[in-house]
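Peer 1: Pasting a structure below so you can have a look.
The values are calculated or read from the model by the stated rules, or taken from the named source; none is laboratory data. This one's a predicted model, so the numbers in the text were calculated from it and none came from an experiment. Positions of Cβ are backbone-derived with ideal geometry, glycine not excepted, and every protein chain shown enters the neighbour counts. Areas reflect the complete protein model, heavy atoms only, side chains present, ligands, DNA and RNA absent. Shrake-Rupley method; radii C 1.70, N 1.55, O 1.52, S 1.80 Å.
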Amino acid sequence: TSRALALAKKTLLAHAIIDAASIEPPPPPPPPPTLRPGELPCPDSGNDGQADGGGACTLIGRLPWKTLELEDLRDAAGERLWYAVSEDFQDDGDTEPDINSMTVFNSLLRILDASGVEISTAAAVIIAPGNPLPGQVRSANDNVAADVIQEYLEGTNNDSDDSFTGEPALSLNDQIVIITAEELVERATDLAIRQ
């Protein structure tokens, strides 16, 4: 599980730069609207490994492993990883402000401790669901993330809002890794300096 979470995070951070750097910009003006270093793919809402962009972009779904050109990452329980990304960082096809140290982020994800107190914020969260807990029923046909999220994630992680926790509890066995806004801003800034 730790390996899968670490590899997912490393790949998402690389994707935020490589995807933008690989685009050949047309002669100025204007810059291409899709060149936005620091941007992350939308979650996979259909369990096909592909990011669902544009109007289909959701806050949470599964990790888009095919879009990221990854193996089909699974946790120790054999479950696919889940993934949430702040609207501030979504590659949803909309024109957004550049991601840099001057950007004001309005939609960061909230990271809570076991008592529900916010302890930090994140641009994205990667979640390993672990084994099913009592009452959770999973199927190989669980394809629509919004319909089955409660069968995989627990507590504040499964209510499709912007709050997440990885604090262990009897009623929660999700493990999370976060990507902070600062990590993405640093990489976006580094790329802008190199260009």
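Peer 1: Using 0.36 nm per residue, how much length does the chain from residue 47 to residue 115 gain when fully extended, once their Cα-Cα distance is taken away? Mind showing how you got there, number by number?
Peer 2: Details: separation 68, 0.36 × 68 = 24.48 nm, distance 3.15 nm.
Full extension of this stretch gives 21.3 nm more.
Peer 1: Stretch residue 147-residue 56 to full length: gain in nm at 0.36 nm per residue minus the Cα-Cα span? Don't skip to the end; give the middle numbers.
Peer 2: Numbers: separation 91, 0.36 × 91 = 32.76 nm, distance 1.50 nm.
Residue separation times 0.36 nm, minus the Cα-Cα distance, leaves 31.3 nm.
Peer 1: From the alpha carbon gyration tensor of the stretch 46-144, can you work out the equivalent ellipsoid semi-axes (sqrt of 5 times each eigenvalue) and give them in Å, largest to smallest?
Peer 2: Its equivalent ellipsoid spans semi-axes of 26, 20, 11 Å.
Peer 1: Only Cα pairs under 8 Å and at least 6 apart count here; give the relative contact order of the stretch 47-115 as a rounded whole percent. Present the calculation step by step, with values, prior to reporting the outcome.
Peer 2: Numbers: 68 pairs, mean separation 19.6, N = 69.
Here the relative contact order equals 28 percent.
Peer 1: Keeping all protein chains in place and using 1.4 angstrom, which order do 185, 104, 144 fall into by accessible surface area, from largest down? Don't jump to the answer; show the numbers that get you there.
Peer 2: Details: 185 20, 104 110, 144 75 Å².
Heavy-atom accessible area, descending, gives 104, 144, 185.
Peer 1: Using a 1.4 angstrom probe, figure out how much accessible area the chain has per residue, in square angstrom, rounded to the nearest whole. Please report the intermediate quantities before stating the final value.
Peer 2: Working: 9690 Å² over 195 residues.
Spelled out: the 1.4 Å probe surface of the chain, per residue, equals 50 Å².
Peer 1: Quickly work out the residue 72-to-residue 169 label distance, labels modelled 7 Å from Cα along the C-beta direction, and quote it in nm with one decimal.
Peer 2: 3.2 nm
Peer 1: Moving on to the next point. Can you pull the percent of the chain's accessible area that's carbon plus sulfur, 1.4 Å probe, other chains left in place? The partial results should precede the final answer.
Peer 2: Details: 5080 of 9690 Å².
Within the chain, the accessible surface is 52 percent carbon and sulfur.
Peer 1: Could you give the length gained on full extension between residue 101 and residue 6, defined as 0.36 nm per residue of separation minus the Cα-Cα distance, in nm? Present the calculation step by step, with values, prior to reporting the outcome.
Peer 2: Values: separation 95, 0.36 × 95 = 34.20 nm, distance 2.51 nm.
Here the segment from residue 101 to residue 6 would lengthen by 31.7 nm.
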